[in-house]
Structure formats: structure tokens, C-alpha cells
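Worksheet: one structure, shown below.
Readers should treat all values here as calculations from the given coordinates under stated rules, not as data from a laboratory. It should be emphasised that the depicted structure is a prediction, and the values quoted were computed from it without experimental measurement. A quick note on method: Cβ atoms are made from the backbone with ideal geometry, for glycine too, and the neighbour counts reach across all protein chains shown.
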Amino acid sequence: MGSDPRVLVTGAGGQVGRALRAHLPNAVYLDRAALDVCDPVAVRAAFGPGDVVVHAAAKTDVDGCERDPDAAFAANAEAAGHVAATGARVIALSTDYVFDGRSEAAYTEDAPVNPLSVYGRSKLEGERAVLARPRNLVVRTAWVYGDGRNFFRAVLAAERAGRALRVVDDQRGRPTAAADLARALAYLVSRDVSGVVHVTGAGEPCTWADLAELAVGHPVERISTEEFGAPAPRPRSSVLALDRARALGVPLADWADSVRRYLEGER
Ligand SMILES: NC(=O)c1ccc[n+]([C@@H]2O[C@H](COP(=O)([O-])OP(=O)(O)OC[C@H]3O[C@@H](n4cnc5c(N)ncnc54)[C@H](OP(=O)(O)O)[C@@H]3O)[C@@H](O)[C@H]2O)c1
């Protein structure tokens, strides 16, 4: 009998990386200072066949990606290729932004992709690099919040500063607590699952404006995506179907419970 494989986490300083520590206490945590995933030599030296890598490093600033496609593709696409090329089993995080968001139905893992933004295109290319090897897994998630820069912290900071809240009300999705995602990833690390699986909070979809009102406890001004005017286009629907995750026994949490608990800790 062989010993358990070594588990390593890239992007360990991010929201998901931080949350994983509670669920995979024996993993090796590599933040950007410990491993720049854009450096193929460093990646090759960091892990290899026999290891399991949770690849959470990414350039997640969607509007920044739109402004600097070269940096987006280096961090989200080429880096995933470097990680996959080591021969380690890779569990890579990806995103609802690989879809165009025009579907009324929740997106299943095999629904046609059609990214609208540089971020989405770069993440899709990263998915393909990872899935080029048979044992690898892509975990698509959406609307992640945890210990880091996220929607709730931005809303609460604006509220504390006395700024009027104008929040997009025509994008639908389901928020995902980094802690819940980390529990699901820990489950998948120890199982022989490959391909693509969707993991988000469970429950009825909502909009960003709904979430802002939960955070501040009073009505906010509901605006359209156009009125908000962000540089990068966003999918109107980020609702990912959770049937495969459920069939695999992946632990999922109701987003409303997790958001309530998170907000209690942030207030
Ligand atoms: N956040 C979301 O709403 C969301 C939604 C869907 C999917 N995802 C995916 O989930 C994963 C984790 O997201 P997250 O919320 O934890 O994002 P995050 O908080 O932005 O964490 C990403 C981490 O990766 C690091 N990183 C960036 N470039 C790197 C490089 N070249 N080498 C090493 N590390 C690098 C970042 O460091 P710096 O801070 O120094 O840049 C950051 O610590 C990503 O794959 C993301 O695409 C996130």
C-alpha cells in the first residue's frame, strides 16, 4: 500500500487558498511569494507525478483582465498548462464566466461554453490545458466570498463610508462561501473524480442587489448592468447546475445560511 499523495495548493494567499487550511491541514500552501505559477521552471520544481495540486492561483480581477489580456492569459491559461505539464493530478478552479449567461436554465457541466470576457476566455483556455490530462478535474464555481476582496466587503465598506448603494439587479447567480467550496474541494481531493464539476452555494438564485440588501439590512437602488458600466461584460446568468456534485456526494451548503453566518462575522 502506498502512502497518501502529497497535496499542494497554489494561490494559497487567496480566498479559496485561505479557506482550504481548515479542511486540508496537511497540505503544502504555496502563495504567490512561494510559487509564481507563471514561472514554468519554478512550477516544475514544486511538484510532479504522484502529487495532487489544488490550483487556486488566478488573476481574478475581471476588469483588470479586460485591460491586460496578456497578463490574464499568462496567469489563467498558460500557468494552468505549466501546472498540468508536471504530471501531478490537478484539481483546478474555474468559473461561470466560461458561459455567456444567456441561458434560462442552470448551466450543466457539458453546456456549450461561450465566454464574453478576457477573464472568461483565459479561464476556459486554462480548463482545456488541465483537462488535456485524463485524471484531472476542473471545479467551476461562482460569486465566491471569504477572507479577501469580495462583493460583501465592498458593499459593507461603501455603507460604512456613507456612500449610496447602486447595485446590479439583472445578473442572477448563487453565492459561494470560500469555506463551503473548501469543504467540497477537500472531499474531491480524496476521490477519483475527473472532468468538470460545478460547485456553488445551493438554493434559489438571487441578484447582487438582493445580496447587498441582506448585507446592509435596507433597500438599495437597483440598477442594470449597463447603468453600472463595468469595463468587462458579465454573464446575465451565473447559475450553475449542481446535479453532478450532488450525484458524487459532494457536500453543498445552502447559500442563504452561509451568507448569514458570514455577515454575522463581518459586521
Ligand atoms: N472570486 C470569485 O468570485 C470566483 C468565481 C469563480 C471562480 N473563481 C476561481 O476560483 C479560484 C480562486 O479564487 P479566489 O476567490 O480565491 O481568488 P483570489 O482571492 O483572487 O485568489 C487568487 C490568488 O492567486 C494569486 N495569484 C495570482 N497570480 C498568481 C501567480 N502568477 N502565481 C501565484 N499566485 C498568483 C493571487 O495573488 P495576488 O493577490 O497577489 O494577485 C491570489 O492570492 C480562481 O481560479 C478563480 O478564477 C473565483
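Rule-of-thumb check for segment 155-267: C-alpha Rg over 2.2 N^0.38 Å?
Values: Rg = 16.0 Å, N = 113, 2.2 N^0.38 = 13.3 Å.
Cα-based Rg divided by the globular estimate yields 1.21.
Restrict the search to segment 10-103; then list the trypsin sites (Lys or Arg not before Pro) that DSSP places in a loop and that have at most 13 other Cβ atoms within 10 Å of their Cβ. Could the numbers behind the result be given before it?
Details: sites: Arg18, Arg21, Arg32, Arg44, Lys59, Arg67, Arg89, Arg102; in loops: Arg21, Arg32, Lys59, Arg102.
Those that pass, being in a loop and sparsely packed, are Arg21, Arg102.
Taking only Cα atoms of segment 81-227, what ratio of Rg to Rh do you get with Rh as the Kirkwood inverse-distance radius?
Numbers: Rg = 17.0 Å, Rh = 16.9 Å.
Ratio value, two decimals: 1.01.
What's the whole-number percent of alpha carbon pairs in segment 177-223 lying beyond 17 angstrom? Before the final figure, lay out each step's value.
Numbers: 582 of 1081 pairs.
Counting every Cα pair in segment 177-223, those more than 17 Å apart make up 54 percent.
For the pair Arg135 and Ala256, how long in nm is the line joining their label points, each one 7 Å along Cα→Cβ?
So the label points at Arg135 and Ala256 sit 4.2 nm apart.
Taking amide H positions as placed in the peptide plane 1.01 Å from N, state which residues far from Ala92 in sequence (5 or more) or on other chains have amide H under 5 Å from it.
Correct list: His55, Leu137, Val138, Val139.
Quote the FRET efficiency, to the nearest 0.05, computed for Phe228 versus Ala85 with a Förster distance R0 of 41 Å and r equal to the Cβ-Cβ distance. Display every interim value, and only then the final one.
Working: r = 39 Å, r/R0 = 0.95.
So the FRET efficiency works out to roughly 0.55.
Amide H to amide H under 5 Å from Asp68: which residues, 5+ apart in sequence or cross-chain, H placed 1.01 Å off N in plane?
Distant-sequence amide H within range of Asp68: zero hits.
For Arg172, which sequence-distant residues (separation of 5 or more, or a different chain) have an amide H within less than 5 Å of its own amide H, given hydrogens modelled in the peptide plane?
Residues meeting the amide H criterion: Ser237, Ser238.
Return the calculated 222 nm mean residue ellipticity for the chain, to the nearest 500 deg cm²/dmol, obtained by summing -39500 (n - 2.57) across DSSP H runs with n ≥ 4 and dividing by the residue count.
On the way: 12 runs with 98 residues, N = 267.
Here the helix-only value at 222 nm equals -10000 deg cm²/dmol.
Within the chain, what is the longest stretch that has no GluC sites (Glu not before Pro) placed in a DSSP loop and near at most 15 other beta-carbon atoms within 10 Å?
Maximal segment without exposed cleavage sites: 110-267.
How many nm is it between the label spots at Asp68 and Ser194, if each spot is 7 Å from the Cα in line with the beta carbon?
Between Asp68 and Ser194, the label points sit 3.6 nm apart.
Could you give the spread of the C-alpha atoms of the chain along their three principal axes, from largest to smallest, in whole angstroms?
Here the spans come out as 58, 36, 35 Å, largest first.
List the relative contact order of the chain as a percent without decimals, with contacts defined as Cα pairs under 8 Å and 6+ residues apart.
RCO, the chain: 21 percent.
Taking 7 Å along the Cα-to-C-beta vector as the label spot, tell me the Asp36-Ala154 distance in nanometres, rounded to one decimal.
Simple spin-label model gives 2.7 nm for this pair.
Could you give the length gained by full extension between Arg267 and His218, i.e. 0.36 nm per residue of separation minus their alpha carbon distance, to one decimal place? Intermediate results must be reported in sequence, preceding the final value.
On the way: separation 49, 0.36 × 49 = 17.64 nm, distance 1.45 nm.
Full extension of this stretch gives 16.2 nm more.
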